[in-house]
Structure formats: C-alpha cells, structure tokens
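Heads up: the structure comes next, in structure tokens.
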Amino acid sequence: MGEKMAEEEFPNTTHEGFNVTLHTTLVVTTKLVLPTPAKPILPVQTGEQAQQEEQSSGMTIFFSLLVLAICIILVHLLIRYRLHFLPESVAVVSLGKSLSVIL
C-alpha cells in the first residue's frame with residue numbers, strides 16, 4: 001500500500017524518444033620510468049682537508065650570525081635614540097656597505 005502511494009505522489013515519467021545512457025570509463029596510463037644510475041660513494045674526507053672545510057663553514061656561519069646581531073643592535077639604537085627619519089633598511093644597507101669596504 002505504501003508503494004502505491006509513493007507512485008501516486010511522484011509519478012515516474014519517461015520520454016520515449018529521448019533515452020540517453022552515459023557510460024564513464026577510467027583510462028589508466030602507465031609510464032615506463034627508467035632507473036636512475038647509482039651515484040658513486042664519495043670517500044670520506046679525513047685529516048687536514050676535512051678540518052679546513054669544517055673551519056671554513058664554521059667561520060661562515062659565525063660571520064653571518066655576527067652581521068645579523070649587529071643589524072639588530074643597530075635597529076635597536078635607531079629606535080632608542082629616536083632617529084625615526086632614518087629608515088631601518090638604510091641603516092642595514094649602510095652596515096653592509098661598510099663591511100664590504102673593510103673586507
């Protein structure tokens with residue numbers, strides 16, 4: 001009885017000349033990936049050469065952090081002494097120029 005009521009409320013209408021069925025297909029493509037050649041294992045640097053390289057990279061990191069600290073202090077001094085007419089970027093660029101002249 002419930003089925004009869006559902007059919008009466010929502011009639012199933014079909015159009016005779018206009019019946020379209022859509023089919024979806026999934027196309028899977030595979031790529032042939034060539035294996036990359038193995039990289040040779042480099043020998044571990046030991047002795048004097050490794051020590052020089054480590055010292056060089058350590059000095060580079062130290063110098064970068066030192067310049068960053070000087071820039072922070074310089075900007076702090078600009079704010080403390082109320083030099084608002086001088087932008088912070090000009091002060092940092094001036095520091096870079098002076099360090100490049102020195103080095």
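The values are calculated or read from the model by the stated rules, or taken from the named source; none is laboratory data. Computed from a prediction, not measured in an experiment: that's the story for all the values here. As a convention, Cβ positions derive from the backbone with ideal geometry for all residues, glycine included, and neighbour counts pool all protein chains shown.
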### Summary
Taking the range 35-55 and the residues there that are within 30 Å of L99 (Cβ to Cβ) and either surrounded by 10 or more Cβ atoms within 10 Å (Cβ to Cβ) or in contact with a Leu (Cβ under 7 Å, 6 or more places away or on another chain) (or both), the one that is modelled with the lowest pLDDT would be A50
### Query
In this structure, is E16 surrounded by 10 or more Cβ atoms within 10 Å (Cβ to Cβ) and either assigned to a loop (DSSP other than H, G, I, E, B) or at pLDDT 70 or above (or both)?
no
